[in-house]
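The values are calculated or read from the model by the stated rules, or taken from the named source; none is laboratory data. Being a predicted model, the structure only gives us computed values, none of them experimental. Please note: Cβ atoms are built from the backbone with ideal geometry, for glycine as well, and neighbour counts cover all protein chains shown. Ligands, DNA and RNA are excluded from the accessible area calculation, which covers all protein heavy atoms including side chains. Shrake-Rupley method; radii C 1.70, N 1.55, O 1.52, S 1.80 Å.
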Amino acid sequence: MTTKHFDDVIIGAGQAGPFLAGRLAESGRQVAIVERKLVGGTCVNTGCTPTKTMVASAYAAHLARRAAEFGVNVGGEVRVDMKRVKARRDTIVAESRAGLRSWLETMPNCTVIEGQARFESAHEISIGGDRLTADRIFLNVGGRASMPAMPGLEQIEFFNNSSLMEVDFVPKHLIVVGGSYIGLEFGQMFRRFGSEVTIIEMGPRLVRREDEDVSAAIHGIIEREGIQIRLNAKCISFSKRNGETFAQVDCTSGDPEVSGTHVLLAVGRVPNTDDLGLERTDVTTDKRGYITVDDQLRTNVDGIWAMGDCNGRGAFTHTAFNDAEIVAANLLDHDPRRVTDRIPAYALYIDPPLGRCGQTEAEVRQRGRPALVGKRPMTKIKRAIEKGETEGFMKIFVDAETNEILGAAILGPGGDEIIHSILDTMYAKAPASVIQRAVHIHPTVSELIPTMLGELEPL
Ligand SMILES: Cc1cc2nc3c(=O)[nH]c(=O)nc-3n(C[C@H](O)[C@H](O)[C@H](O)COP(=O)(O)OP(=O)(O)OC[C@H]3O[C@@H](n4cnc5c(N)ncnc54)[C@H](O)[C@@H]3O)c2cc1C
């Protein structure tokens, strides 16, 4: 057994750890970053990057099938070669991971250590038989797909977002359990690859965290692609008969049983905090296992910080990365940045994508202050019509007295990008009138944001 001392140890090379390692090492600290699996974590290896390359392949297939609408002949049936889809994705993922790894490995003052890290005490960590001691420890251990206790799961084979990465064929009928962000992205892409898809959702509507109109529009988009949606599936269980997989859904309407060839579980995430030896420290977690942190990401134990998905303050790559920026700013730049400076923002990468920032309509209503709403369907936006992509709408909420932008949703072509003009205005703390008077480029979806702001009505 060897024991080594570092100034700073980072556990997990996900989306926060590497950036923080760079900042700390650059400042002259001796840093070790410990990774048990793949550098880049979920986002690079089994999350954002691979799914978005697959969404791009699915979009190409979808557009090819629609080619005749645009006056383009592709000739014959459009077929997807999943081996090539996978190869393209794996190349992009491998390049991204290798780039990050070589950056870390060649970084002065930084040591990359492979292995599972466990606390022995608040300042001592074991990795296999070796020990590390450190003045400061930064946790960036992320999360993994949760495994619900659904009866019959032991009888069937099923995928989660990680194991699905091995699939190099088009499943005949994919049953997706979970009608939220991850389930919808996978469901739509596999439908476009050529699978029959059934999405089973326990709740009364898809993406329940979104407003009802957003959720309803997404339901329509998904259903019109020929995906079966089963809502209110309260007691899901599984069985296998004659080589086929059955999901019992006990829904209020429709067939109580759904049959398919493959199952994807997309029912949420859990933090990787159960095998970290946290019990040998006084670090506290909430009842779901997320590490409790303050506004500057300090845990309750001096010298230990927690960043990214494992602290439950965000569930995205941009929030994990921002956590690292906050910690670095506080420790190195005398800049007291805080988590609560962050405006909630994210995208759902179905096609068309949903871009979201700030408060939902439900949250705006809960404030109990007068608010205004603007809404415009994509059918009334020329660029969307020209592109033949008129599904969805955009909407925005503004404080009726202060003209402050409270939140927005853009479901439509480029929604994930366009939302940033609203988000940046919110960060600038500028009133809605700033965008309303801005002259946007024609023809774009963005050019209708000023128009929408000129047509606000009481909420
Ligand atoms: C299918 C899918 C699609 C997604 N798409 C998007 C998207 O489009 N945009 C977006 O913003 N977010 C997306 N996300 C979420 C995003 O991937 C995560 O929010 C992000 O990766 C969180 O980063 P992190 O650094 O907190 O954790 P992770 O990226 O999970 O990294 C944690 C790292 O810690 C390592 N580790 C854990 N425990 C230990 C230990 N004890 N010892 C050593 N190492 C350890 C893990 O191996 C891992 O590499 C997606 C997630 C999924 C599942």
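Output the residue which, of all residues in region 363-379 that are within 16 Å of A216 (Cα to Cα) and in contact with a Lys or Arg (Cβ under 9 Å, 6 or more places away or on another chain), is least open to solvent (accessible area, probe 1.4 Å). Here the residue is R376. When residues in region 380-406 are screened for being farther than 22 Å from G220 by Cβ, open to solvent by less than 60 Å² (accessible area, probe 1.4 Å) and not charged (D, E, K, R), 6 of them pass. Could you go through region 139-156 and let me know if any residue there is within 11 Å of the ligand (Cβ to nearest atom), out of contact with any strand residue (DSSP E or B) (no Cβ under 6 Å at 6 or more places or on another chain) and on the phi > 0 side of the Ramachandran plot. Yes: region 139-156 contains one or more residues that are within 11 Å of the ligand (Cβ to nearest atom), out of contact with any strand residue (DSSP E or B) (no Cβ under 6 Å at 6 or more places or on another chain) and on the phi > 0 side of the Ramachandran plot.
Condition first: crowded, with 18+ Cβ neighbours inside 10 Å, outside any loop (DSSP other than H, G, I, E, B) and at pLDDT 95 or above. Can you find one or more residues in region 63-80 that meet it? So far as region 63-80 goes, yes, one or more of its residues are crowded, with 18+ Cβ neighbours inside 10 Å, outside any loop (DSSP other than H, G, I, E, B) and at pLDDT 95 or above. Looking only at region 287-341, residues that are among the basic types (K, R), touching a residue at least 24 places away in the same chain (Cβ under 8 Å) and either more than 13 Å from the ligand (Cβ to nearest atom) or surrounded by fewer than 16 Cβ atoms within 10 Å (Cβ to Cβ) (or both) come to 3 in all. Checked against (1) over 30 Å from A87 (Cβ atoms); (2) within 11 Å of the ligand (Cβ to nearest atom), E35 passes all but a single condition, namely (1). At least 2 residues being open to solvent by less than 70 Å² (accessible area, probe 1.4 Å), closer than 20 Å to S195 by Cα and of a type outside the set (K, R) is the threshold, and among the strands (runs of 3 or more DSSP E) wholly inside region 230-281 those reaching it are 244-248, 257-260, 262-265. Looking at V293, V267, V258, V263, can you tell me which residue is over 24 Å from T319 (Cβ atoms) and under 26 Å from the mean Cα position of the chain (by Cα)? On inspection, the qualifying residue turns out to be V263.
Residues in region 415-459 that are farther than 18 Å from A345 by Cβ and either crowded, with 20+ Cβ neighbours inside 10 Å or in contact with a His (Cβ under 8 Å, 6 or more places away or on another chain) (or both): E447, L448, P450, M452, L453. Which of the residues belonging to region 209-229 are touching a Ser or Thr at 6+ places or on another chain (Cβ under 9 Å) and surrounded by 15 or more Cβ atoms within 10 Å (Cβ to Cβ)? Passing the criteria: E210, D211, V214, I227, Q228, I229.
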